[in-house]
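Worksheet: the structure to be examined is printed underneath.
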Amino acid sequence: MLDKRMEEALNKQINAELASGYLYLSMATYFEDEDLPGFANSLRVHAEEELEHGMKIYDYIIRKNGSVVLEGFETPERQWDGIVAVYEAILEHEELVTSLINDLMDLAEELNDHATIQFLLWFVEEQVEEEELAHEDLRKVRMAVDSRHLLYELDKEYGSLTSNEE
Ligand code: OFO
């Protein structure tokens, strides 16, 4: 049995995860226009992973006999001031998601909801990984942005990414 406050907060997190995916998909379309298909691929993969995160929470709510209630989300940004700006936005966004996961954990602790605390631990670790990757990508694009050769190599690297590598 899930406390109503916890159920509501988890539903909001489904929305936040799917909205993250929508934002990353929008970033993919930006890179399609910039003729960087590898970058677009890595953002598509990232968008798919956000859907998986949302579905993990969906499944957990159902297992706890709760109700999933989906919400809409805002139109994502479509233009950025260059490649570095996109990766700065990703890092900023992942830091925001980390704070949302921390808020969920605080609520689960306040409610003494041990099952949800256990469930959320996966997301705590995932956010460490997400921020680490975002830092690494930002470092790479900052180094590559002024060299067509390095940018080409990075686009090739990102073009070969598949799920679980991003
Ligand atoms: Fe779901 O980890 Fe990114 O946002």
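Computed over protein heavy atoms with a 1.4 Å probe, the accessible surface of the chain works out to 56 Å² per residue. If you run the Gaussian network model on the chain, springs between alpha carbon atoms under 10 Å, then out of 20, 42, 99 the most flexible one is 99. Can you tell me which lysines have their Cα less than 25 Å from the Cα of residue 140? Leave out same-chain residues fewer than eight positions away. Leaving aside lysines fewer than 8 places away in the same chain, those within reach of residue 140 are 156. Summary of the geometry: the range 76-134 and the range 1-69, compared by the centres of their Cα atoms, lie 11 Å apart. Subtracting the Cα-Cα distance of residue 143 and residue 48 from their residue separation scaled by 0.36 nm leaves 31.5 nm. Using a probe of 1.4 Å on the protein chains alone, the accessible area found for residue 138 is around 10 Å².
Per the 1.4 Å probe, what fraction of the accessible area of the range 52-97, in percent, lies on carbon and sulfur atoms?
On the way: 1400 of 2910 Å².
Taking all protein chains in place, the range 52-97 shows 48 percent carbon and sulfur surface.
A straight Cα-to-Cα reach below 16 Å connects residue 12 with the lysines 4, 56, residues fewer than 8 places away in its own chain not being considered.
The values are calculated or read from the model by the stated rules, or taken from the named source; none is laboratory data. Remember, predicted model here, so these are calculated numbers, not experimental data. Accessible surface areas use protein heavy atoms only, side chains included; no ligands, DNA or RNA. Shrake-Rupley method; radii C 1.70, N 1.55, O 1.52, S 1.80 Å.
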